Amino acid sequence: MNPSSESKTNVAVTSKVNPSFFKTKKFWIIAVIIVVVVGGVTVTVLLFEHNKHKPLTVTEQKKQAQNTVTQINSGKYKAALDSSQQLVDNTPPGSPERYTALSYLGVAYMTNRQYDQALNAFLQAEAIKKDQSSYSMFVSMAQIYTQKGDKAKAIEYYQKAIARTKATPENADDLYIPAYEAAIKRLQQ
């Protein structure tokens with residue numbers, strides 16, 4: 001073997017940092033930049049996490065809800081889903097605002113054909129308001145149960161829709177009751 005090739009293969013790579021480097025201006029500039037960048041990222045993440053669960057003002061909630069409706073009406077279903085999820089994430093649990101946000105989320109999931117998630121959102125909303133929930137939400141739930149083949153649950157929710165429609169004539173249209181009753185008859189066959 002050639003002695004020059006042997007010395008090339010046996011060369012150990014070692015690197016020593018000169019201790020005086022830590023006293024140089026260059027070291028401190030690099031250190032400050034690293035601290036600022038890492039610290040800035042940390043602060044940004046912490047602020048994002050803090051604001052992520054910060055309840056929206058009533059005005060912000062209404063704007064976000066209107067944004068969701070606009071997106072649904074214009075066929076931007078994925079955007080509506082994202083918008084309504086943000087609304088849910090930024091409303092206090094158990095509040096009337098959370099009920100509304102979950103209702104919008106359920107509708108957004110339905111428009112995206114994600115029926116199990118829609119049903120889950122509607123059930124969470126119903127848990128907040130119980131029988132005071134919207135008749136239209138009960139109809140949506142009945143439609144999902146019909147699609148899933150759960151006739152008993154579908155009938156239950158059509159009956160809730162009828163009861164809620166009758167209880168709130170100022171907010172509901174009695175003209176829908178015959179359609180709900182017809183749906184129940186079809187399900188009972």
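The values are calculated or read from the model by the stated rules, or taken from the named source; none is laboratory data. Being a predicted model, the structure only gives us computed values, none of them experimental. Note: ideal-geometry Cβ built from the backbone for every residue, glycine included; neighbour counts use all protein chains shown.
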Quiz item: (1) touching a helix residue (DSSP H, G or I) at 6+ places or on another chain (Cβ under 6 Å); (2) assigned to a helix (DSSP H, G or I); (3) over 22 Å from Y158 (Cα atoms): which one isn't true of F122, the others all being true?
Solution: (3)
Quiz item: Which one of these does G149 not meet: (1) within 22 Å of the chain's Cα centre (by Cα); (2) on the phi > 0 side of the Ramachandran plot; (3) at pLDDT 90 or above?
Solution: (1)
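Picking from N18, N10, N51, N112, which residue would you name as being closer than 30 Å to L123 by Cα and either exposed (fewer than 10 other Cβ atoms within 10 Å of the Cβ) or modelled with pLDDT under 60 (or both)? Reasoning before the result, please.
Working: N18 fails: closer than 30 Å to L123 by Cα; N10 fails: closer than 30 Å to L123 by Cα; N112 fails: either exposed (fewer than 10 other Cβ atoms within 10 Å of the Cβ) or modelled with pLDDT under 60 (or both).
Result: N51 is the single residue among N18, N10, N51, N112 that is closer than 30 Å to L123 by Cα and either exposed (fewer than 10 other Cβ atoms within 10 Å of the Cβ) or modelled with pLDDT under 60 (or both).
Identify the residue in region 126-141 that is under 13 Å from A167 (Cβ atoms) and out of contact with any Asp or Glu (no Cβ under 6 Å at 6 or more places or on another chain) and, among all such residues, is modelled with the lowest pLDDT.
The first filter runs over region 126-141 and keeps only residues under 13 Å from A167 (Cβ atoms), leaving 129-135, 138.
Then keep just the ones that are out of contact with any Asp or Glu (no Cβ under 6 Å at 6 or more places or on another chain); that gives 129-132, 134-135, 138.
Working: K129: 87, K130: 80, D131: 71, Q132: 76, S134: 85, Y135: 86, F138: 92.
Step by step, filter region 126-141, then rank; the result is D131.
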Quiz item: Going through region 73-87 one residue at a time, which ones are hydrophobic (A, V, I, L, M, F, W, C) and buried (at least 21 other Cβ atoms within 10 Å of the Cβ)?
Solution: A80, L81, L87
Exercise. Scan region 54-76 and report the pairs whose first residue is on the phi > 0 side of the Ramachandran plot and whose second residue is part of a helix (DSSP H, G or I) and modelled with pLDDT of 85 or more, with Cβ atoms within less than 9 Å and a gap of 6+ or a chain change.
Key: G75/T111
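Given the criteria crowded, with 16+ Cβ neighbours inside 10 Å and in contact with an Asp or Glu (Cβ under 7 Å, 6 or more places away or on another chain), does T91 qualify?
Values: crowded, with 16+ Cβ neighbours inside 10 Å: yes; in contact with an Asp or Glu (Cβ under 7 Å, 6 or more places away or on another chain): yes.
Considered against the rule, which asks whether it is crowded, with 16+ Cβ neighbours inside 10 Å and in contact with an Asp or Glu (Cβ under 7 Å, 6 or more places away or on another chain), T91 comes out as yes.
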Practice problem: Evaluate the following for L123: is it surrounded by fewer than 20 Cβ atoms within 10 Å (Cβ to Cβ), within 26 Å of the chain's Cα centre (by Cα) and at pLDDT 90 or above? | Solution: yes
